[in-house]
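A short write-up of the structure that comes next.
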Amino acid sequence: MLFNDLDKDDGTRFVVYISLFFATILFAFTVRLVFRVVISDRVFSRWEVISSILILYPITGIYFAASYRVLPESISGSKSSFDLIYFSFTTLSTTGYGDMSPSTVPARIISMIEGFVGGYVLIGVLIAGAFNLPEIIRHEDRDRQ
């Protein structure tokens, strides 16, 4: 399974840290692009709005799951990498079933950030796209004529 050999001291942990570093850069770049889309005056097509949401949400969930995996025993009740992905997406969607919880201070900080990102930023992008949808439809109708 993903990251099962992380506890070995054969350089695997270093590779994971480097990968997480580059994933952080990619994540920040993606978030920056989405914010530019949201705050710009340009009317974006439905496809641009939907695709940015469909790309950002899974990347965000997997990024935070990888962050939890790097921290040893960070989530109580998790036994596999799938459990961490499950925890990440339930936190990101602000559902929180209660079967797993962060057990270390760094994991609690990461989960608070993830809850903020899921609750305010990504949901904000969805709401902004929904309120912009009538303008998108009018703009697409004008382009067809």
Open item on the list: Give me Tyr97, Tyr120, Tyr63 sorted ascending by neighbouring Cβ count inside 10 Å, so fewest comes first.
Closed with: Tyr97, Tyr120, Tyr63
Open item on the list: Check which residues have an amide H placed less than 5 Å from Ser76's amide H, if you skip close sequence neighbours.
Closed with: Ser101, Ser103
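Residue separation times 0.36 nm, minus the C-alpha to C-alpha distance between Leu20 and Ile50: what's the value? Working shown, then result.
Details: separation 30, 0.36 × 30 = 10.80 nm, distance 2.62 nm.
Residue separation times 0.36 nm, minus the Cα-Cα distance, leaves 8.2 nm.
Laboratory data are not the source of any read-out in this text; all were calculated from the coordinates shown. Fair warning: this is a prediction, and the values are worked out from it, not measured in the lab. Here Cβ is always computed from backbone atoms with ideal geometry, including for glycine, and neighbour counts include all displayed protein chains.
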